[in-house]
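Asker: Pasting a structure below so you can have a look.
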Amino acid sequence: GARVLYVDRDPVAVAHSQAVLDGNAHADVVAADLLKPQDILTSPQVERLLDLDRPVALLLVAILHFVEDADDPYGAVAQLSDALAPGSMLVLTHASYEGIPLPAERAGGAVDVYKDIRNPLIMRSRDEIARFFEGYDMVEPGLVPMPHWRPDTAPEDEDPYAFSGFAGVGRTA
C-alpha cells in the first residue's frame, strides 16, 4: 500500500521510470529539479499520490553530494521539509572525506573525476551534513558513517571507499 514518487531532472531517467512504472497506480515519477521544491510539491503527481497532511518519508539518498553550496541545497531541503506533516522522516546519505582511509589530497582524485565530467561531487563534513537535519529528531543511531547505520554485516567488513560518507534518519516533531 505504500505510495512512491520518484523525482529526477534527467529526461532519460524520467522516461525510463515512466516505462517501468506504467500501470502502477501507487508509484509515479516527476520531471523536476530538487533545487526547485515548489515544482515538486505542486506537481499533479504529488497531489494524486501523496497526502502531505500525513507523515511521509523523504529519501535523499546519494543525491545531495552532487549539489554545490552555491545552489543552496540546505534551502531546498528546508523547503521540502517545511511541507511535510509532523512525524515525517528524512532519510539521507552523503559522501564525505571523513572516514576514507587516505589523506584528503589523495582521495580528492575521485572528486576530480566528477569535475572532468561536469558533475560536481561535493564532499561535506559530518557537521555540514548534520545541517540538513535541522528541525528533525534523529533516529538511533543518529548521523553515523554509512556502514554503522543499522548494519547487517560487521562495519569493518564493508568497503571504506564505497561507504565513505554518512547516513541518518530524522523525524519531524
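Just so it is clear, none of the values below were taken in a lab; they were calculated from the coordinates. Small disclaimer: the values here were computed from a predicted structure and weren't measured. No Cβ is skipped: glycine too gets one built from the backbone with ideal geometry, and neighbour counts run over all protein chains shown.
Asker: List the residues whose amide H sits under 5 Å from the amide H of Val139, counting only those 5 or more places along or on another chain, with H placed 1.01 Å from N in the peptide plane.
Answerer: Correct list: Val169, Gly170, Arg171.
Asker: Efficiency by 1/(1 + (r/R0)^6): what FRET value for Thr42 and Ala154, r their Cβ-Cβ distance, R0 = 41 Å, to the nearest 0.05?
Answerer: Between Thr42 and Ala154 the formula returns 0.35.
Asker: How large is the charge dipole for the stretch 10-71, taken about the Cα centre, if only the Cβ atoms of Lys, Arg (+1) and Asp, Glu (-1) carry charge, to the nearest 20 debye?
Answerer: On the way: 3 positive and 11 negative charges, 46 e Å.
With Lys and Arg at +1 and Asp and Glu at -1, about 220 debye.
Asker: Here is a further query. What do you get for the angle between helix 73-82 and the principal long axis of the chain? Use alpha-carbon atoms, 0 to 90 degrees, nearest ten.
Answerer: With rounding to tens, the tilt is 40 degrees.
Asker: Would you pull out the residues with amide H under 5 Å of Val67's amide H, same chain only if 5 or more places away, H placed 1.01 Å from N?
Answerer: Residues meeting the criterion, in which the H sits 1.01 Å from N, are Ile122.
Asker: Let me ask you something else. Let me know the charge dipole size of the chain about its Cα centre in debye, to the nearest 20, where only the beta-carbon of Lys, Arg (+1) and Asp, Glu (-1) is charged. All intermediate terms of the calculation are to be shown ahead of the outcome.
Answerer: Working: 13 positive and 28 negative charges, 49 e Å.
With only Lys, Arg, Asp and Glu charged at Cβ, the dipole is about 240 debye.
Asker: Let me ask you something else. Share of Cα-Cα pairs in the stretch 1-73 beyond 13 Å, in percent? Before the final figure, lay out the partial values.
Answerer: Numbers: 1810 of 2628 pairs.
Result for the distance tail: 69 percent.
Asker: How far apart, in nm, are two points set 7 Å out from the Cα along the Cα-to-Cβ line at Tyr74 and at Asn24?
Answerer: It is 3.5 nm.
Asker: Which listed residue (Ala25, Val14, Thr172) has the Cα farthest towards the positive end of the charge dipole for the chain, taking +1 on Lys and Arg C-beta and -1 on Asp and Glu C-beta about the Cα centre?
Answerer: Sorting the options by dipole projection puts first Ala25.
Asker: If you line up the long axis of helix 11-21 against the longest principal axis of the chain, both from Cα atoms, how many degrees apart are they, to the nearest 10?
Answerer: So the inclination is approximately 60 degrees.
Asker: Between the stretch 6-78 and the stretch 84-98, how far is it from one alpha carbon centroid to the other, in angstrom?
Answerer: So the two Cα centres are separated by 14 Å.
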